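Below: one structure, written as structure tokens.
The values are calculated or read from the model by the stated rules, or taken from the named source; none is laboratory data. Note that the coordinates shown come from a computational prediction; the quantities given were computed from them, not determined experimentally. Cβ placement follows ideal geometry from the backbone for every residue including glycine, while neighbour counts extend to all protein chains displayed.
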Amino acid sequence: MAEQTKRPTKKILRALAGEVLPTPPIWMMRQAGRYLPEYRATRAEAGDFLSLCYNSDLAAEVTLQPIRRYGFDAAILFADILLVPQALGADLWFVTGEGPRLSTITSQADFDALKPADAIHDKLSPIYETVRLLTRELPPETALIGFAGAPWTVATYMIAGRGTPDQGPAHALKDENRPLFEALLDRITEATIQYLSQQIEAGAECVKLFDSWAGSLKGEDFDRYATASAKRIIAELKSRHPGIPVIAFPREAGDKYIGFHAATGADCVALDDSVTPEWAAANVQKDGCVQGNLASSHMVTGGQNLIDETRRIVQAFSKGPHIFNLGHGITPDADPANVQLMIDTVRGG
Ligand code: 1CP
């Protein structure tokens, strides 16, 4: 009996525990976002993106919008990976049509001006409140996913002060001043452990680590800065919160996806769409649950191609634990009707 009460009932948590389900559970990266008219309306009410992130009532509202519209199996907390640098003391603002801007960390003096990891909670407490609100408002069958950026990806923004196509400034600091680069990664790692731990305390049932720029780390750099930092964060979270499932997303890791479950302790490895589902089923899913990996362009184009690719992915991953998702976030030009078509295809065959 005791065993039975411990077994999860929500579909995503069952897949994360290794169960093979007749129909994969489904959610979508950036499911709360600009492709939805109701999101755009709430964002306008909040004023700007950061005000929306820090307004717990409105952030909970936009988290719930795609659940109401589509009945996804999981909700993902509405926040951003760049709130951690801001809580560490970096300036952060968003330029309309361009993206995020931050004050840069390129010298020892810049680094010395950052706050210690345990000083982040004052700034981030509204995020924990959003999680608490969601645990009360979500339907009982819907799981709540918390998240943070992985240290390397967050560092790329802190060093460059913006998104960069090749993460050049972060690679340059790594090569020119490795002790400073590693000190920054350490600080982000400590803050990330504390941030995710507080999200779990507040009610997140699973957490995801987004390493969106992992693919630009090659060879030993990938092992040291993508794999080892994920391993450290996951080990610490699991020691503080036994049984908490973790999804790792080392985007565009390619061959480095192989063995990533074992190397990091992640319960699930999320796949981008640069790998085929057949390859990933044979080489990655053999080690545990995988998530992915429909190209988000199908949410713009729709039609028979969307149906065929969705069926192909469901079929390829049908012999092991799988969570259906896109290979990256849905884009603002996506058609909400195509999201429904994807869900109907996954659930209806
Ligand atoms: O104008 C707007 O409304 C802002 C667009 C937007 C949104 C909806 C940004 C700015 N962030 C978010 C929310 C967000 N970001 C979520 C919420 C939950 C959900 O998925 O619905 C999550 C998980 C993120 C994560 C995130 N932010 C990542 C990792 C995932 C990924 O997409 O690779 C990254 C790299 C960011 C940084 C960021 N925030 C926003 C933008 C436009 C970017 C990318 C900047 C760049 O590199 O150009």
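Please indicate, with yes or no, whether at least one residue in region 40-54 is surrounded by 15 or more Cβ atoms within 10 Å (Cβ to Cβ), of a type outside the set (V, I, T) and without any contact (Cβ under 8 Å) to a residue 24 or more places away in the chain. Within region 40-54, one or more residues are surrounded by 15 or more Cβ atoms within 10 Å (Cβ to Cβ), of a type outside the set (V, I, T) and without any contact (Cβ under 8 Å) to a residue 24 or more places away in the chain. Condition check for S216 on (1) buried (at least 19 other Cβ atoms within 10 Å of the Cβ); (2) more than 16 Å from the ligand (Cβ to nearest atom); (3) small (G, A, S): one failure, at (2).
The residues of region 137-152 that are assigned to a helix (DSSP H, G or I) and surrounded by fewer than 19 Cβ atoms within 10 Å (Cβ to Cβ) amount to a single one, E137.
Yes/no matrix, rows are residues, columns are (1) within 15 Å of the ligand (Cβ to nearest atom); (2) under 30 Å from D175 (Cβ atoms); (3) modelled with pLDDT under 95; (4) of a type outside the set (A, V, I, L, M):
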residue	(1), (2), (3), (4)
A204	yes, no, no, no
V207	yes, no, no, no
D223	no, yes, no, yes
T227	no, yes, no, yes
R232	no, yes, no, yes
A248	yes, yes, no, no
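Among the numbered conditions (1) within 16 Å of the ligand (Cβ to nearest atom); (2) free of Cβ contacts under 8 Å to residues at least 24 places away in the same chain; (3) assigned to a helix (DSSP H, G or I), the only one that E309 does not meet is (1). Just one of (1) touching a helix residue (DSSP H, G or I) at 6+ places or on another chain (Cβ under 8 Å); (2) in a loop (DSSP other than H, G, I, E, B); (3) touching a residue at least 24 places away in the same chain (Cβ under 8 Å); (4) not acidic (D, E) fails for P8. It is (3).
Yes/no per residue for (1) at pLDDT below 95; (2) under 30 Å from C289 (Cβ atoms):
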| position | (1), (2) |
| --- | --- |
| Q4 | yes, yes |
| G18 | no, yes |
| T42 | no, no |
| N55 | no, no |
| L64 | no, yes |
| A74 | no, yes |
| W93 | no, no |
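Give the residues of region 153-169 that are more than 10 Å from the ligand (Cβ to nearest atom) and either touching a strand residue (DSSP E or B) at 6+ places or on another chain (Cβ under 9 Å) or in a helix (DSSP H, G or I) (or both), sorted by residue number. Correct list: A155, M158, I159, G161, G168, P169.
With respect to (1) more than 19 Å from the chain's Cα centre (by Cα); (2) more than 16 Å from the ligand (Cβ to nearest atom), the lone exception for I193 is condition (1).
Filtering R43, R68 for residues that are near the ligand (Cβ under 8 Å from one of its atoms) and among the charged types (D, E, K, R) leaves a single hit, R43. Of note, G163 satisfies the criterion of being surrounded by fewer than 18 Cβ atoms within 10 Å (Cβ to Cβ) and in contact (Cβ under 8 Å) with a residue 24 or more places away in the chain.
The residues of region 71-81 that are farther than 15 Å from T135 by Cα and more than 11 Å from the ligand (Cβ to nearest atom) amount to a single one, G71. Just one residue in the set L36, L58, L92 is surrounded by 14 or more Cβ atoms within 10 Å (Cβ to Cβ), of a type in the set (A, V, I, L, M), without any contact (Cβ under 8 Å) to a residue 60 or more places away in the chain and within 11 Å of the ligand (Cβ to nearest atom); that residue is L92.
The sole residue among K174, K231 that is farther than 19 Å from T264 by Cβ, in contact (Cβ under 8 Å) with a residue 12 or more places away in the chain and surrounded by 15 or more Cβ atoms within 10 Å (Cβ to Cβ) is K174.
The residue list H261, H298 contains one member that is away from the ligand (no atom under 16 Å from the Cβ), of a type outside the set (A, V, I, L, M, F, W, C) and surrounded by 21 or more Cβ atoms within 10 Å (Cβ to Cβ), which is H298. In this structure, does Q285 turn out to be within 16 Å of the ligand (Cβ to nearest atom), surrounded by 14 or more Cβ atoms within 10 Å (Cβ to Cβ), modelled with pLDDT of 95 or more and on the phi < 0 side of the Ramachandran plot? No: the conditions fail for Q285.
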